[in-house]
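I have placed the structure first, in the form of structure tokens, so that the comments after it can refer back to it.
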Amino acid sequence: MPLTHYRCPDGRECPVNECLKHCRLEGKLNPTTGMLYVPCGRCLSRRALLAIAAERRWTGRPSTTQLLNGTLEEYLKLTEPYTIDPMQSVFALHGTAVHEALEDNTEGNAMTEKRLDDGVSTGAFDYFDEEATDEENTGYLYDDKTYGSYKAAKVLGAVKHKEQVGLYKNGKPKYRTYFTYDGVHGSGRLDLAIQLNDYRMKLQKCLGKTAKKMICEMIVRDGNTYMAESRGVMQPAYLVEVNKISDHWVSKYMKAKADNLVHAMETGLLPKQCSYRERWGGMKCERFCNVKDKCPYANMKET
């Protein structure tokens with residue numbers, strides 16, 4: 001079932017179709033601030049709200065990105081009406097715009113945004129550049145990500161260090177801060193690796209193409225800011241090479257996730273709780289899951 005409601009700036013919900021016809025808060029004052037809720041007649045333009053509401057419909061075959069999420073989360077998004085705050089989804093438009101801009105500049109012996117079906121799931125890789133190597137039917141596989149600096153630092157494995165470099169005149173120690181990039185990459189890098197390895201295997205199976213390297217082109221939303229640099233993210237964009245994972249492991253993992261989601265959709269039986277990793281240790285359930293109000297496990301204590 002598609003997204004059905006937006007959460008308005010006053011905290012109330014409004015059906016998406018009604019929101020697109022006319023903003024219910026136009027001309028209304030916020031009693032706390034005394035200011036208009038939406039000074040320009042809307043919180044966002046109609047086209048922005050339409051873009052945020054766009055969703056991939058269920059075709060009977062899951063996508064790679066669906067399988068990276070918890071099965072229960074995806075099942076509830078497909079079967080239950082749910083609400084989102086458009087302001088929490090604005091950055092998704094940034095990511096879409098980046099993909100479209102890069103796609104428009106694909107030249108030479110390269111492919112972009114091609115959807116492949118390996119019989120288990122479908123997936124559209126971002127960019128496969130065969131001009132990167134001299135070998136026939138071989139190239140570099142890229143995936144474009146737009147991250148905030150917090151997530152970017154996790155992907156980079158940034159670790160902050162302090163080193164004493166002297167003393168101030170009052171005798172107190174003087175320190176300098178520096179970063180190394182050899183820390184634990186965490187679940188953010190694992191999901192990225194599973195996704196790119198799945199695309200790599202789809203390229204080989206469906207097109208006979210070999211990905212010699214898998215690379216994440218990571219654009220940092222808040223790059224070149226004090227906050228980003230304080231986290232060890234010193235550039236607005238990075239190319240991050242992703243390691244190969246065993247074909248057997250990736251195939252087994254994706255097949256199990258696909259079977260679970262398809263079974264739930266066909267039988268209507270609720271899948272088991274999302275894994276600890278898929279729940280981000282509970283943080284996703286608390287702050288980022290759009291269907292947490294439909295989830296029977298939402299109020300359970302994390303274990």
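Readers should treat all values here as calculations from the given coordinates under stated rules, not as data from a laboratory. In this text the structure is predicted, and so the values were computed from the model without any measurement. Reconstructed Cβ throughout: ideal geometry from the backbone, glycine too, with neighbour counts over all protein chains shown.
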Checklist entry - Excluding same-chain residues fewer than 8 positions from residue 174, which lysines have a Cα within less than 17 Å of its Cα? => result 160, 162
Checklist outcome for this item: Expected max-MSF residue from 72, 25, 261 in the GNM of the chain (alpha carbon, under 10 Å) is 25
Next on the checklist: I'd like the Karplus ³J(HN,Hα) series for region 27-39: coefficients 6.51, -1.76, 1.60, θ = phi - 60°, whole numbers in Hz, and an x wherever there's a Gly or Pro.
Outcome noted: x, 9, 8, 7, x, 7, 9, x, 9, 5, 4, 10, x
Checklist outcome for this item: Only helices counted: for the chain, with every DSSP H run of 4 or more residues adding -39500 (n - 2.57) and the sum spread over all residues, [θ] at 222 nm is -9000 deg cm²/dmol
Checklist entry - What whole number of Å gives the distance from the Cα centroid of region 204-232 to the Cα centroid of region 7-77? => result 28
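Treat every Asp and Glu Cβ in region 60-186 as -1 and every Lys and Arg Cβ as +1, leave all other atoms uncharged, and give the resulting dipole magnitude about the Cα centre to the nearest 20 debye.
Here the size comes out at about 1660 debye.
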Item to check | Charge dipole (debye, nearest 20) of the chain; +1 at Cβ of Lys and Arg, -1 at Cβ of Asp and Glu | outcome: 1420
Checklist entry - When the chain is treated as a GNM, springs tying every alpha-carbon pair under 10 Å, which of 240, 291, 165 comes out with the largest mean-square fluctuation? => result 165
Item to check | GNM top mover of 121, 63, 89 - the chain, alpha-carbon springs below 10 Å | outcome: 89
Item to check | Inter-part distance where region 233-278 and region 150-181 are each reduced to a Cα centre, Å | outcome: 35
Checklist outcome for this item: Pseudo-spin-label distance residue 96 to residue 131, built 7 Å along Cα→Cβ, given in nm, is 2.9
Item to check | Positive-pole candidate from 121, 53, 90, dipole of region 51-123, charges at beta carbon | outcome: 121
Next on the checklist: Strictly over 21 Å apart at the Cα level, which of 154/284; 145/209; 114/209 would you flag in this model?
Outcome noted: 145/209
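Peptides 167-175, 220-228, 147-155: what's the order by average Cβ count within 10 Å, highest mean first?
Descending mean neighbour count gives 147-155, 220-228, 167-175.
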Checklist entry - Excluding same-chain residues fewer than 8 positions from residue 252, which lysines have a Cα within less than 18 Å of its Cα? => result 202, 205, 244
